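Read through the structure below, which is laid out as structure tokens, and then see the notes.
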Amino acid sequence: VQLQASGGGLVQAGGSLRLSCAASGRTSSNYVMGWFRQAPGKEREFVAGISRSGDSTYYADSVKGRFTISRDNAKNTAYLQMNSLKPEDSAVYSCAAATYAWTIPSKPAGYNSWGQGTLVTVSS
């Protein structure tokens, strides 16, 4: 499956952004989707994941209550709605697909397809 992330940009603290991840090459309902982020000098970290059907989600504690992951399998697209953004949310955000998983992995090794990143910068 090929993934294309978009929607990053520059936003002030407290603002919102919505990231999109468009998938092609395989029906999206056949895999778990996740979002990860990596800030300069830091390791890639899990942000959120969503089950194949979309009825189950999982979030990192750092974004719980502020970010919402969703998917539209008819459009083969996953989304990450980010509200109440903080400067520490600044990072390159990447979407990923886990085509063999039936639960939501929180480690990068659990995903086997990755899209290119989209940069999110939150100014204070």
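Taking the average, over residues, of other Cβ atoms within 10 Å as the packing measure, peptides 79-91, 6-18 rank 79-91, 6-18 from highest down. Name the residues of segment 91-124 whose amide N is less than 20 Å from a point 7 angstrom out from the Cα of SER53 along the C-beta direction? Residues 98-105 fall inside that zone.
Protein heavy-atom surface of segment 7-95, 1.4 angstrom probe: 45% of the accessible area is carbon and sulfur, with nucleic acids and ligands not counted. Which residues does a label at LYS42 reach in segment 86-104, if reach means a backbone N under 12 Å from a point 7 Å past the Cα toward the Cβ? It comes to 86-93, nothing else.
Averaging the sequence gap over all C-alpha pairs within less than 8 Å and six or more residues apart, then dividing by the number of residues, gives segment 21-109 a relative contact order of 40 percent.
Accessible area per residue for segment 1-116, computed on protein heavy atoms with a 1.4 Å probe, is 50 Å².
Antiparallel beta bridges, as assigned by DSSP with both residues in the chain, represent about 90 percent of the total such bridges.
The values are calculated or read from the model by the stated rules, or taken from the named source; none is laboratory data. Not measured: the values here are computed from a predicted model. Here Cβ is always computed from backbone atoms with ideal geometry, including for glycine, and neighbour counts include all displayed protein chains. What goes into the accessible areas is simple: the full protein's heavy atoms, side chains included, and nothing from ligands, DNA or RNA. Shrake-Rupley method; radii C 1.70, N 1.55, O 1.52, S 1.80 Å.
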